[in-house]
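The values are calculated or read from the model by the stated rules, or taken from the named source; none is laboratory data. No experiment lies behind these values; they were computed from the predicted model shown. Glycine gets a Cβ as well: all are built from the backbone with ideal geometry, and neighbour counts include every protein chain shown. The area values use the complete protein model at the heavy-atom level, side chains included, leaving out ligands, DNA and RNA. Shrake-Rupley method; radii C 1.70, N 1.55, O 1.52, S 1.80 Å.
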Amino acid sequence: MKRYVILISGRGSNMDSLLDAGLPGACAVVISNRPDVAGLASAARRGVATLVIDHRGFASREDFDAALAAEIERHTPDLVLLAGFMRILTDGFVRRFEGRLLNIHPSLLPVFPGVKTHAQALVAGVRLHGCSVHFVTPALDGGPIIAQAAVPVQADDDEASLGRRVLAEEHILYPRVARWFLEGRLHLAGDRAQLAGEVAVGGSLHVPQVG
Ligand code: GRF
């Protein structure tokens, strides 16, 4: 059976969606870089092993990443899923897991990398916002995009309302992509994500519309 590891830093709602999806694989461990976060309790409630590696206990980013990589490798995972893991990873770490390291980001990349993406979208005045799942490469939020889900931005949206609608899509998109990977249908091929069985999606979405 395939094995995967999930890395979190907080609430863990994306982790929950992965653990509840009945993926064709077993979650070996959930690792958090912060103690006492809600996601750890949530994983434990689901009977999944958890581990805290507190980044504050390490002298350098390299030392933390080395400890994190060693713990992950102990489980020889096929897939490592970043799910709200709020640490910038060193190039060495990323290279070590390249091709089996995925992240979910709450924007339609390549726009709005980094944090506060819903606020960035509102300031920019975009009509469509959403989320992206991508292979992780050393470029922050810049790796090959695998799949995206879009939501319209409503005239009365604030950061919270827009964020809620994007998060609901994240919870659908990430397990779907993880499943593809664990089924062996998804690969990193050079600087592109390659998905076997992909079909063309027809039509287009115009936002706004006038009734
Ligand atoms: C999500 O919006 C995710 O896309 C981003 O951080 C947030 C984490 O939320 N990377 P949660 O911990 O999964 O609830």
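What to note about this one:
- For GLY130, residues with placed amide H under 5 Å, excluding near neighbours: LEU108, VAL151
- Heavy-atom accessible area per residue - the chain, 1.4 Å, Å²: 50 Å²
- Radius 10 Å from Cβ of ARG46, net charge of other residues (Lys, Arg +1; Asp, Glu -1): -1
- Simple label model, 7 Å out from Cα along Cβ direction - ASP63 to ALA119, nm: 3.2 nm
- Centre-to-centre separation between the Cα atoms of region 177-210 and those of region 113-132: 21 Å.
- Taking θ as phi - 60° and the Karplus parameters 6.51, -1.76 and 1.60, the scalar couplings of region 134-140 work out to 9, 5, 8, 10, x, 6, 4 Hz in sequence order, x denoting glycine and proline.
- With a cut-off of 15 Å between beta carbons, the residues surrounding CYS27 carry a summed charge of +3, where Lys and Arg count +1 and Asp and Glu -1.
- Counted over the chain, the DSSP beta bridges are approximately 50% antiparallel.
- Projected area, mean over directions - region 133-207, Cα convex hull, nm²: 6.5 nm²
- When the chain is described by a simple charge dipole with +1 on each Lys and Arg Cβ and -1 on each Asp and Glu Cβ, the residue from ALA49, ILE6, VAL30 located farthest towards its positive end is ALA49.
- Working value for the chain: equivalent-ellipsoid semi-axes of 28, 20, 17 Å, each the square root of 5 times a Cα gyration tensor eigenvalue, largest first.
- Peptides 137-145, 197-205 ranked from most to least packed give 137-145, 197-205, packing being the mean of other C-beta atoms within 10 angstrom over each peptide's residues.
- Evaluated with a Cβ-only charge set (Lys, Arg +1; Asp, Glu -1), the chain carries a dipole of roughly 320 debye about its Cα centre, given to the nearest 20.
- Order of exposure, largest accessible area first, which applies to MET15, MET1, MET86 with probe 1.4 Å: MET1, MET86, MET15
- Of VAL115, THR90, HIS134, farthest towards positive along the dipole that unit charges on Lys, Arg, Asp, Glu beta carbons give the chain: HIS134
- Region 77-110 and region 15-54 have Cα centres spaced 16 Å apart.
- CD proxy at 222 nm, helix term only [per DSSP H run n ≥ 4: -39500 (n - 2.57); per residue of the chain; nearest 500]: -10000 deg cm²/dmol
- Length released on extending from VAL52 to VAL201, taking residue separation times 0.36 nm less the Cα-Cα span: 49.5 nm
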